[in-house]
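Single-structure report; data block below.
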Amino acid sequence: MTLVEHEQALSRKPRTILITGGAGFIGANFVHHWCQHYPGDRVVVLDALTYAGNRKTLAEQEAQANLRFVHGDICDRALVDALLQEEAIDTVAHFAAESHVDRSILGPDAFVRTNINGTFTLVEAFRQHWKAHNQPAHFRFHHVSTDEVYGSLGPNDPAFTETTPYAPNSPYSASKAGSDHLVRAYYHTYGLPTLITNCSNNYGPYHFPEKLVPLMCINILMGKPLPVYGDGQNVRDWLYVGDHCSALDVVINRGTPGETYNIGGNNEVKNIDLVHMLCQLLDELAPELPVRPSSKLITFVTDRAGHDRRYAIDATKLKTELGWAPAQTVETGLRQTVEWYLANRDWWQPLLSAEYQAYYEQVYTSV
Ligand code: NAD
Ligand code: TYD
C-alpha cells in the first residue's frame, strides 16, 4: 500500500460490504484487494459456487475474522434480505453472474436467471433495506458490468464511451445489458445510490480455464491445439484484473451515484497476436513444453456464432474525474499472469474435470 492509499484508508469511514460472486475470477481478486486495502471493513461474500466459483481462492481471507463466506444464490430473496439486515450492509459490490459467451450460446437460460433476475432480486432487496434505514447517503450499490453491452465496433470506429448506445449481440451481453438498465432505473426512479462500471476483457490470476488467456496457457503446457476462432483478427481491449480492482475501488469510494464509468486498459490487441504473445512467454518461461515452439499448436477453428469483431474502451471519464489509470501494460500483465499459472498448477489442474472436458468437447468439436 502506498502512503497516500494508507492515509485514504485511515480517513475513510469503514464499510460493511456484501461482495456477490466473490469466489469467481474478478470477484475473488476484488476480495483480496479489499481485504488488503481496508482491513477495518467487514466483508461478506455471497456466492452460489457454480462451476466458475472456487472457495479455495479465498482460503487466506477466510482465515481472517472480518470475512464471512455465505454459500447461496443471489436469486434467493429471503437469504439476501436476511444478510443485508443481520450484517447491516451499507455497500454492495455485485459481481455474481454467468460470464462466458460460449456457454451463453449453448444455454442462455442460466444467464437470464442469474444476470437479470438475480440482479433484480439484489437491487430490490437493497432498496428496501436502504429505505428501512431512512435512505442513508453513504449507502452504495455497485454493479459490475462489461463493455460487451455496447456491441461490436468496425476497425475505424471510435472507442465506446459512457454514452454509446447499447447494442448487445450475445445472450451473455444481452442479459448484462438488461441488468445494467435495471440498476440505472433504480437510481432514476427511487434515488438509490447506484454506480455502474463497464469494463473490457480482464486477465490475470484465478481465471477459470475456459477463457482465452488461461485456456491458451494451459493448452500450451499440455501440448494441446490452441483453438483460435475464425480468422483470429477479432480485437479486444485487455485489462489486468488488479487494475480493474483498483478502478472499482475508486468508483465505490469516490464515484458519483447514478453515474456509469467505463474501465479499459488502452491495450487493443488482435486475438491471434495475443495468442502469439502467450506462446512466446511460455516458450521463454516454461522449462518443459511438449511442443516447441508452442506457436506450432495454433489451430484456426469454426468461428463463434455472432462473434463481435472489435471492442475498445474510452476510459477518459474515469481518468479525468477520479484520477484512475491502469498500472500494467499488456506485456507486463501477461508476463505476471503466465508466471502465476506456472507457479499455481494446484489451483487450476483440479478444474480440468470431467464436466469441463464435456463442455470443451461441445464447444471445440471442429478442433
Ligand atoms: P466468473 O464466471 O469467474 O465468476 C462468477 C461468480 O459468480 C462465480 O463465483 C459463481 O459461482 C458466482 N455466481 C454465479 N451465479 C450465481 C448466483 N446465482 N448467485 C450467487 N453467485 C453466483 O465471472 P468473472 O469473470 O469474475 O466476472 C465477474 C463480473 O464481472 C461479471 O458480472 C461479469 O459480467 C463482469 N465482467 C467480466 C469481465 C471479464 O473479462 N471476465 C469483464 C468485464 C465485466
Ligand atoms: P473470451 O475470453 O471468451 O472473452 P469474450 O468473449 O468475453 O471477449 O474470448 C476472448 C476472445 O478470444 C474472443 O474474441 C473469442 C476468442 N477466443 C478464441 O479465439 N478461442 C477460444 O478458445 C476462446 C475461449 C476465445
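The values are calculated or read from the model by the stated rules, or taken from the named source; none is laboratory data. These numbers were taken from a predicted model, which means no experiment stands behind them. Please note: Cβ atoms are built from the backbone with ideal geometry, for glycine as well, and neighbour counts cover all protein chains shown. Remember, those area values only see protein heavy atoms, side chains included, never the ligands or the DNA or RNA. Shrake-Rupley method; radii C 1.70, N 1.55, O 1.52, S 1.80 Å.
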If I filter segment 27-86 down to residues being within 8 Å of ligand 1 (Cβ to nearest atom) and of a type in the set (S, T, Y), which single residue comes out as nearest to F139 (Cα to Cα)? T50
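Could you identify the single residue in L58, L84 that is buried (at least 17 other Cβ atoms within 10 Å of the Cβ), farther than 23 Å from T194 by Cα and in contact with a Phe, Trp or Tyr (Cβ under 7 Å, 6 or more places away or on another chain)? Break it down stepwise before answering.
Numbers: L84 fails: farther than 23 Å from T194 by Cα.
Just one listed residue meets the conditions, L58.
Go through segment 180-192 and give me each residue that's open to solvent by 10 Å² or more (accessible area, probe 1.4 Å) and over 15 Å from E162 (Cα atoms). Spell out the reasoning first.
Of segment 180-192, the ones open to solvent by 10 Å² or more (accessible area, probe 1.4 Å) are 181-182, 184-191.
Hits for segment 180-192 are L182, A185, Y186, Y187, H188, T189, Y190, G191.
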Has segment 138-145 got at least one residue that is part of a helix (DSSP H, G or I) and either of a type in the set (A, V, I, L, M) or open to solvent by less than 50 Å² (accessible area, probe 1.4 Å) (or both)? no
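Mind checking which residues of segment 89-115 are farther than 19 Å from Y51 by Cα and either assigned to a helix (DSSP H, G or I) or open to solvent by 10 Å² or more (accessible area, probe 1.4 Å) (or both)?
Taking segment 89-115 first, the residues farther than 19 Å from Y51 by Cα are 89-93.
Matches in segment 89-115: D90 only.
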Within the bounds of segment 351-366, is there any residue that is open to solvent by 60 Å² or more (accessible area, probe 1.4 Å), modelled with pLDDT under 95 and among the small types (G, A, S)? yes
Restricting segment 120-163 to residues that are over 22 Å from the mean Cα position of the chain (by Cα) and among the aliphatic types (A, V, I, L, M), the one farthest from L84 (Cα to Cα) turns out to be A137
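Take V301 and tell me if it is within 23 Å of Y229 (Cα to Cα), in contact with a strand residue (DSSP E or B) (Cβ under 6 Å, 6 or more places away or on another chain) and either of a type outside the set (G, A, S) or buried (at least 16 other Cβ atoms within 10 Å of the Cβ) (or both).
Working: within 23 Å of Y229 (Cα to Cα): yes; in contact with a strand residue (DSSP E or B) (Cβ under 6 Å, 6 or more places away or on another chain): yes; either of a type outside the set (G, A, S) or buried (at least 16 other Cβ atoms within 10 Å of the Cβ) (or both): yes.
Yes.
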Output the number of the condition that K319 fails; it satisfies all remaining conditions of (1) assigned to a loop (DSSP other than H, G, I, E, B); (2) open to solvent by 50 Å² or more (accessible area, probe 1.4 Å). (1)
